[in-house]
Amino acid sequence: MKIIRSNQTWRVVRSFSGESHCLERLALSKGYRVAGVCRALGCSSRYLYILFTRDIGLSPKHWMKMERMVVARRKLEGGKSPDDVARDLGFLSSATFCRQFHAFYQTSPALFQSKRKMFIHSEGSASSRESGSE
């Protein structure tokens, strides 16, 4: 097996069959658990660790933690509540999600959303003023 970057996604490709899996989707479907991804791919955690460090440069656990936070940010940007995001991404609780989000982005999910809304609102106001003055 090998992990390659293709069309903005990571893919796990089986050497002999050529079968491939989207790593991001696989990680999400297995709740960002290394053991679940190993079972789905039919490999040991040690082998998965070797693949990740060789092909991505990160451990599977570290990559999954980062990927989970990227997906969380996108869901928050899309308007989902922190509680819904925590539930969607398989966190044990909303509080756990909020702590991990804060540790990763140095802001709470709620503050992230409110700052983003203010930024989008002020951008919209500025563009409407600019178009109105022409």
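The values are calculated or read from the model by the stated rules, or taken from the named source; none is laboratory data. These numbers come from a predicted model, not from an experiment. Glycine also receives a Cβ, built like all others from the backbone with ideal geometry; neighbour counts cover every protein chain displayed. These accessible areas exclude ligands, DNA and RNA; they are computed on the full protein's heavy atoms, side chains included. Shrake-Rupley method; radii C 1.70, N 1.55, O 1.52, S 1.80 Å.
Could you pull out every one of the helices (runs of 4 or more DSSP H) wholly within the range 55-134 that has 2 or more residues that are modelled with pLDDT of 95 or more, open to solvent by less than 80 Å² (accessible area, probe 1.4 Å) and out of contact with any Asp or Glu (no Cβ under 8 Å at 6 or more places or on another chain)?
Helices (runs of 4 or more DSSP H) meeting the threshold: 60-77, 82-88, 94-105.
So in the range 30-54, with the set limited to residues that are in a helix (DSSP H, G or I) and open to solvent by 80 Å² or more (accessible area, probe 1.4 Å), which one is nearest to residue 99 (Cα to Cα)?
49
Give the residues of the range 16-62 that are hydroxyl-bearing (Ser, Thr, Tyr) and over 17 Å from the mean Cα position of the chain (by Cα), sorted by residue number.
Across the range 16-62, the qualifying residues are 17, 20, 44, 45, 47, 49, 53.
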